[in-house]
DNA sequence: AAAACATTTTGATAATTACCGAAATGTCGG
DNA sequence: CCGACATTTCGGTAATTATCAAAATGTTTT
């Protein structure tokens, strides 16, 4: 997928975001990240989900290759839908609620 | 009967609609149909845009083959985004504002 | 420094989507 | 009914996306 860099401050591209949301796995990931406690086991190192969930757990839950989920999350981050935080060897991903809300508002104004 | 997780959480329609919105031409069509007077010449037979715009005009404006735009509109109709009305040999397409609004509300609740 | 582990990047191929032209269907006027 | 015209459906190829395994990169621990 061709992803153009974007931040919350740029106008969100409906086509780009829709490309991401046109895959069930990616929509599911976004949904699971809404409630990490309910959808993932606790992290062994961190005792919280403040920065989201590590790639490994998301990949296991999704049932696809680690490399694929890593790429998905990378696209989602470039599109502004999630935020990545690195703690040691783990990268945690969480929803970018502000951007998601902004996108939905953008949709309701421009679609 | 096989009960899937979909009964609890259905991402299917988000994926389906997003597939449609992941193409710039289709997003443009939806946008043009918001204001037919501003985006299309008047119809020769009908003196209004009450039922939307005929396939021919949309295809010309989009700059793609008639058959392609017809297929796009057919998908968009199946997904509920537009409404088709036949008058004689012409088919007019207009936005399904109710469905669009409903989808956006669905997104803000479930994405 | 090297082993061990999480993640990312990099090819590669299968699957899907984009889009066209041709053929088929539906509709109107003579 | 027949031609003319709008639209739809069909069959095909080019382009894009899905997804994997392997290689590369970071990071921690020994």
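Among A:56, A:66, A:71, which is within 8 Å of DNA strand C (Cβ to nearest atom) and closer than 27 Å to residue A:106 by Cβ? After ruling out the rest, the residue left standing is A:71. Restricting attention to the range B:80-95, which residues are surrounded by fewer than 19 Cβ atoms within 10 Å (Cβ to Cβ) and either near DNA strand C (Cβ under 8 Å from one of its atoms) or more than 18 Å from residue B:40 (Cα to Cα) (or both)? Correct list: B:80, B:86, B:87, B:88, B:89. Pairs are defined by a Cβ separation below 6 Å, a sequence spacing of at least 6 or placement on different chains, a first member in the range B:77-100 that is under 15 Å from residue B:58 (Cα atoms) and within 14 Å of another protein chain (Cβ to nearest Cβ), and a second member that is more than 9 Å from DNA strand D (Cβ to nearest atom) and not in a strand (DSSP E or B); the pairs so defined are B:82/B:76; B:82/B:96; B:95/B:33. Could you tell me whether residue B:19 is free of Cβ contacts under 8 Å to residues at least 12 places away in the same chain, within 14 Å of another protein chain (Cβ to nearest Cβ), within 10 Å of DNA strand D (Cβ to nearest atom) and assigned to a helix (DSSP H, G or I)? Yes.
Can we say residue B:44 is part of a loop (DSSP other than H, G, I, E, B) and surrounded by fewer than 18 Cβ atoms within 10 Å (Cβ to Cβ)? Write out each step before concluding.
Details: part of a loop (DSSP other than H, G, I, E, B): yes; surrounded by fewer than 18 Cβ atoms within 10 Å (Cβ to Cβ): yes.
So residue B:44 fits the description; yes.
Annotation for the range B:56-77: at least one member residue is in contact with a helix residue (DSSP H, G or I) (Cβ under 7 Å, 6 or more places away or on another chain) and under 30 Å from residue A:32 (Cα atoms).
Among A:109, A:23, which is surrounded by 17 or more Cβ atoms within 10 Å (Cβ to Cβ) and either under 20 Å from residue B:106 (Cα atoms) or under 15 Å from the mean Cα position of the chain (by Cα) (or both)? Steps first, please.
Working: A:109 fails: surrounded by 17 or more Cβ atoms within 10 Å (Cβ to Cβ).
Matching residue, one of A:109, A:23: A:23.
Looking across the range B:59-76 at every residue that is more than 8 Å from DNA strand D (Cβ to nearest atom) and surrounded by 12 or more Cβ atoms within 10 Å (Cβ to Cβ), the one that is nearest to residue B:30 (Cα to Cα) is identified as B:76. Taken as a whole, the condition of being within 14 Å of chain A (Cβ to nearest Cβ), assigned to a helix (DSSP H, G or I) and either within 14 Å of DNA strand C (Cβ to nearest atom) or without any contact (Cβ under 8 Å) to a residue 24 or more places away in the chain (or both) applies to residue B:29.
Here, each number is a calculation from the coordinates, and none is a lab measurement. A quick note: this is a predicted structure, and the numbers were derived from the prediction, not measured. In this analysis, Cβ positions are derived from the backbone assuming ideal geometry, glycine residues included, and neighbour counts consider all displayed protein chains.
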